[in-house]
Amino acid sequence: MAYEKILVINSGSSSLKFQLFDMTTETMLCKGLVERIGTEKAHLVFTPTGKAKYEEDVEAPSHSEAIRVVCDILVDSRFGVLKDFAEVSAIGHRVLHAGEEIKQPMLVDGNVKEIIRKYSLFGPLHNPANLAGIVACEEIFKGTPNVVVLDTQFHQTMPPEAYMYAIPMKFYKEDHLRKYGFHGTSHNFVAHAAAEFLKKPYDELNVVICHLGNGSSISAVKNGKCFDTTMGVTPLAGLMMGTRSGDVDPFVVMYMARKGYTPDQIDTILNKESGFKAMNGIGSADMRDTIAAAEAGNTDAQNALKMFAHRVALYVGGYYTLIGGADAVIFTGGIGENSFEARKMIVDRLNALGCFIDEEVNLKTRGTVAVVSTPESTLPAIVIPTNEELMIARETLRVLTQA
Ligand code: ADP
């Protein structure tokens, strides 16, 4: 096979996560992270599959040096997994936003980079970092193909009735303001895994997928295509999240502005100081901390959990109706895969749809595929762990083998 080893890069503003796959068997060979890029304290964490984690401080003033660090560790004589980094036959990059201009995974060229630069407007932290990762790989892995896989891509099949905002049309036509949706790679992976699990042809699959993590979103999948999703122009919309508000009356934003908060301050409040962090009375964005506080009797934490479950159930019910009934509701992401408490609170609000929690199975399900609803439920609730990196590697391979 020509494209055997595929490196997947997920670059953030100050970090760069990577995984290397052998695509002949879809096995992960190693994973790692360079964090605090651009500071004196840049640090590498590297885990070759089946071996102990290795960590060291590194010099990484920019993404370019961080990629160099990745190359060096991949071929390190003590911990490395390759003899030569030329063995990497392609690189798949996670990219946040490309508006409506990239609907499929694509080989990187000048135009693709220009589009990513353009949509930094909607992803000011992510897009420039994604681009820096791509440029660094082009410099260092000379001649190796780079492929972009967009977070928004899976949702590009939404019909206008789902993605349009009812505001003057010029904001769509000139400014590209519409619902895009995110976590697309995860929703895509889980939708395919669900079809396999349910033994349904993919293009007949009807499911509601709840990706619940620090960032959370739900998608309605009708006949294998995304029909609607909860996030919007940016990943701020929809569900209540770790630090993000999710949906609020837009008046809240005007009110804050009139009170004197600047756009940047409002951005910080809604993206970084809201959600669980604002509501649970302990200032933590983490679900485990919230549950522990709620169990200890903290009524703010109890209320925050109810708010979260309420909003999730609201969307699941709406999407179930819009897609004409669903084969299943799927839970994934750090919370969806691991938190039996959160799943129970949500499923308890879905009884009207014929979905009831199986307490015993739910309690012991953590990070594995399992049906967590009772056998009598007419709408099954299923946990399916996501794997965004593997999906990016698969999509990268698909682009290259079709090229
Ligand atoms: P991200 O959106 O950053 O990828 P994750 O999908 O890793 O986030 O999800 C992180 C969330 O998952 C955190 O709120 C964390 O508390 C929660 N989580 C992870 N493990 C558990 C667990 N065992 N029980 C409850 N919540 C968990």
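Listed values, structure above:
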| quantity | calculated |
| --- | --- |
| Among L121, L305, L44: highest mean-square fluctuation, GNM of the chain, C-alpha pairs under 10 Å | L121 |
| Per residue convex hull volume, Cα atoms of the range 1-70, in Å³ | 74 |
| Rounded to 5, the percent of DSSP beta bridges in the range 78-224 classed as antiparallel | 60 |
| Ranked by how many other beta carbons lie within 10 Å on average, peptides 66-75, 212-221 from highest | 212-221, 66-75 |
| Packing-based ranking, highest mean first, of 87-97, 3-13 given that Cβ atoms within 10 Å are counted | 87-97, 3-13 |
| Viscosity 1.567 mPa s, temperature 4 °C, Stokes-Einstein D of the chain from Kirkwood C-alpha radius, µm²/s | 59 |
| 20 Å tail of the calculated P(r), the range 51-110, as % of Cα pairs | 47 |
| Between the range 118-196 and the range 271-348, the Cα center-to-center distance that results, in Å | 25 |
| Neighbourhood net charge (13 Å Cβ-Cβ; Lys/Arg +1, Asp/Glu -1) for N10 | -1 |
| Under 20 Å from the Cα of K5 - lysines, other chains or at least 8 residues apart | K17, K31, K51, K83, K142 |
| Backbone HN-Hα couplings from phi across the range 69-81 [Karplus 6.51/-1.76/1.60, Hz, Gly and Pro as x] | 4, 4, 4, 4, 6, 4, 10, 4, 5, 8, 10, x, 10 |
| GNM flexibility winner over the chain from N111, N127, N298 (Cα, springs under 10 Å) | N111 |
| Fraction of the pair-distance distribution of the range 320-403 above 18 Å, Cα-Cα pairs, percent | 48 |
| Beta bridge orientation in the chain: antiparallel %, DSSP, nearest 5 | 70 |
| Partner aspartates and glutamates for K364 [C-alpha distance under 14 Å; skip if fewer than 8 residues away on the same chain] | E337, E341 |
| Dmax and Rg, reported as Rg then Dmax, of the range 118-184 (C-alpha, Å) | 15.3, 47 |
| Gaussian network model of the chain, Cα within-10 Å springs - most flexible of G181, G260, G38 | G260 |
| Long-range HN-HN contacts of L177 with modeled amide H, under 5 Å | Y172 |
| Sites E114 and F251, calculated FRET efficiency, Cβ-Cβ separation with R0 35 Å, nearest 0.05 | 0.45 |
| Contact order relative to length of the range 303-403, as percent, for alpha carbon pairs under 8 angstrom and 6 or more apart | 26 |
| More than 19 Å apart - percent of Cα-Cα pairs taken over the range 18-140 | 53 |
| Convex hull (Cα only) mean projected area of the range 255-403, reported in nm² to one decimal | 13.1 |
| Helix-only [θ]222 nm of the chain, DSSP H runs n ≥ 4, -39500 (n - 2.57) each, per residue, nearest 500 | -11000 deg cm²/dmol |
| The range 200-336: equivalent-ellipsoid semi-axes (sqrt of 5 x gyration tensor eigenvalues, Cα, Å) | 29, 20, 11 |
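Laboratory data are not the source of any read-out in this text; all were calculated from the coordinates shown. Bear in mind that the values here come from a model prediction, so they are computed numbers and not experimental data. A quick note on method: Cβ atoms are made from the backbone with ideal geometry, for glycine too, and the neighbour counts reach across all protein chains shown.
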